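The block underneath contains the structure these notes are about, expressed in structure tokens.
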Number of protein chains: 2
Amino acid sequence: MSQNIYDDETFFNNYAKLPRSINGLQGAPEFEYLKSLLPPINSETSIVDLGCGYGWFCREAIKMGSKSVLGIDISKKMINKAKELDTTLDLGSGDGESQSFSKLIKYEIQDLEKLTSITDNQSFDLAYSVFVFHYLLDLEGFLRKVYSSLKKGGTLLFTVEHPIYSCSKYTNYWIDYQNNAEEKIWPVSHYSFEGERISNWLADGVKKQHRSIGTYINTLINTGFTISHLNEWSPTDQQIKNNPSLLIEKERPMILIIKAIKN
Amino acid sequence: MSQNIYDDETFFNNYAKLPRSINGLQGAPEFEYLKSLLPPINSETSIVDLGCGYGWFCREAIKMGSKSVLGIDISKKMINKAKELDTTLDLGSGDGESQSFSKLIKYEIQDLEKLTSITDNQSFDLAYSVFVFHYLLDLEGFLRKVYSSLKKGGTLLFTVEHPIYSCSKYTNYWIDYQNNAEEKIWPVSHYSFEGERISNWLADGVKKQHRSIGTYINTLINTGFTISHLNEWSPTDQQIKNNPSLLIEKERPMILIIKAIKN
């Protein structure tokens, strides 16, 4: 069973303060890139968001035209928050259709590693997941379920913490190179020692699984997926201009984005 | 035009001292892994080695059964050395067939970026290349030629310096973490700033092109290849047992291995 850190009170409260929690996809600078990788979305497009959190992408998918979105998350608190936002946020038409999110988005509280509901129904055009797969112990077993749940030609689009970001057992913060604060280096170690890493991000004792890029790619291929795109996200010049603190994100990638297709 | 560093006297003389120059594939610990990714090789298998150097893989391919191997290298000195080894090394049968390498391997001195001879003939089952692509300025143009040169279903198997290894503009050597010589970290910076890196390895002023893994993968996909396998090489337990100095190679990958198939 996966660690349900999101229902931890400290974690949940700190998570609520993140820009991407408050501002949704506008607070997630990598979303612009992710958006460019989405398949065409229309009223027929069936979508599952694996680890949907507050449901920001579920609502975005509805705005893009989908009439069928399933959000799954292990955390009851997250799902409750998602449902609350569905009713309080307006769909954008301003004509009183603010209830539409609730009608079109279905939520399930489920541990992704024990997932049964999406298996073998081949009903989804798109499986979407952001910062979730690095929590899963059995990546291959999970990906087989995702594969089974997709229609032929369907898309899996996901992000995880980049292995360069997650690998070290010593630390995960910037170091001044030769004591020069202008020259930041990111310390890499233990890259090829895959397995559990404990982080104290948002709460103490958060368990994550460090995996190499090769493991992600080869597991997807072994499961039957075709690799369609890989990106080690870094901010655009415009994003840096708007938010200069993003510049350091070009020094080492924090986010690995992979798009894969079911053959 | 590519920098022909291999014909530089200093570089060539230092290159000659490397274990992988003296011992061939037995001196290249990643070859064991590469070998496991090779397609079946028999007398019908047509092979091109892009940047063949001393011709070690060309000869290995003949030993594996191929009767048709083309080695291409920009360096006249390397090709001369390869031809010399072809005549002095025995094919292994011990029956005086030591000339066979020379009969079965053809060599060409060519800048891979200006390559014309292998284009559009769709004659190869396998294009093989070790530590070469990071010298090329126009990766996409080059890969299009390689793609054209392969038969349908043909394999491209190559290694490059891993971007974690090549990215930094500050340094590329280990640093003690918190002044503890037992805790080595690899300093990563400039990862998303692709382009030229100058190294002083074997000779001063060696020009290499740093590219992200994403760029390698997406360029291959855009060219028409299907990604078949990706590995960020690290030594096996047995290799470390035989050569304990290899242990540190598990801290950060130095070698990126990619296998791709022509659809």
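The values are calculated or read from the model by the stated rules, or taken from the named source; none is laboratory data. Predicted, not measured: the structure shown is a model, and the values here were computed from it. Counting neighbours? That spans all protein chains shown, and the Cβs are built from the backbone with ideal geometry, glycine included. With ligands, DNA and RNA removed, areas are computed over all heavy atoms of the protein, side chains included. Shrake-Rupley method; radii C 1.70, N 1.55, O 1.52, S 1.80 Å.
For A:Trp186, the stated conditions hold: it is within 12 Å of another protein chain (Cβ to nearest Cβ), touching a residue at least 24 places away in the same chain (Cβ under 8 Å) and under 16 Å from B:Pro163 (Cα atoms).
Selection of segment A:157-168 for residues being open to solvent by 10 Å² or more (accessible area, probe 1.4 Å) and either in contact with a Gly (Cβ under 9 Å, 6 or more places away or on another chain) or more than 9 Å from chain B (Cβ to nearest Cβ) (or both) yields A:Glu161, A:Tyr165, A:Ser166.
Condition check for A:Ile198 on (1) hydrophobic (A, V, I, L, M, F, W, C); (2) over 24 Å from B:His210 (Cα atoms); (3) surrounded by 19 or more Cβ atoms within 10 Å (Cβ to Cβ): one failure, at (3). Screening B:Gly153 on (1) more than 26 Å from B:Leu38 (Cα to Cα); (2) open to solvent by 30 Å² or more (accessible area, probe 1.4 Å) shows it passes everything except condition (1). Checking each residue in segment B:176-195 for being among the hydroxyl-bearing types (Ser, Thr, Tyr) and open to solvent by 20 Å² or more (accessible area, probe 1.4 Å) picks out only B:Ser192.
Scanning segment A:247-257 for residues that are hydrophobic (A, V, I, L, M, F, W, C) and either more than 11 Å from chain B (Cβ to nearest Cβ) or touching a strand residue (DSSP E or B) at 6+ places or on another chain (Cβ under 8 Å) (or both) gives A:Ile248, A:Met254, A:Ile255, A:Leu256, A:Ile257. Of the residues making up segment B:210-226, not a single one is surrounded by fewer than 21 Cβ atoms within 10 Å (Cβ to Cβ) and farther than 30 Å from B:Gln122 by Cα. For A:Asn242, state whether it is without any contact (Cβ under 8 Å) to a residue 12 or more places away in the chain and either within 22 Å of A:Cys167 (Cα to Cα) or more than 11 Å from chain B (Cβ to nearest Cβ) (or both). For A:Asn242, the condition - without any contact (Cβ under 8 Å) to a residue 12 or more places away in the chain and either within 22 Å of A:Cys167 (Cα to Cα) or more than 11 Å from chain B (Cβ to nearest Cβ) (or both) - is met. For segment A:216-232, a residue qualifies if it is within 9 Å of chain B (Cβ to nearest Cβ) and of a type outside the set (A, V, I, L, M, F, W, C), and the qualifying residues are A:Tyr216, A:Asn218, A:Thr226, A:Ser228, A:His229, A:Asn231, A:Glu232. From the list A:Leu25, A:Leu85, A:Leu34, A:Leu70, the one residue that fits, being assigned to a helix (DSSP H, G or I) and either in contact with a His (Cβ under 7 Å, 6 or more places away or on another chain) or touching a residue at least 40 places away in the same chain (Cβ under 8 Å) (or both), is A:Leu34.
Here is a list: B:Leu143, B:Leu150, B:Leu126, B:Leu139. Which entry is out of contact with any Phe, Trp or Tyr (no Cβ under 9 Å at 6 or more places or on another chain) and at pLDDT 95 or above? First the steps, then the outcome.
Details: B:Leu143 fails: out of contact with any Phe, Trp or Tyr (no Cβ under 9 Å at 6 or more places or on another chain); B:Leu150 fails: out of contact with any Phe, Trp or Tyr (no Cβ under 9 Å at 6 or more places or on another chain); B:Leu139 fails: out of contact with any Phe, Trp or Tyr (no Cβ under 9 Å at 6 or more places or on another chain).
Answer to the selection: B:Leu126.
Every condition in (1) open to solvent by less than 50 Å² (accessible area, probe 1.4 Å); (2) in contact (Cβ under 8 Å) with a residue 40 or more places away in the chain holds for A:Arg144 except the one numbered (1). What are the residues in segment A:37-67 that are in contact with a Cys (Cβ under 9 Å, 6 or more places away or on another chain) and touching a residue at least 60 places away in the same chain (Cβ under 8 Å), if any? Residues satisfying the conditions are A:Ile47, A:Asp49.
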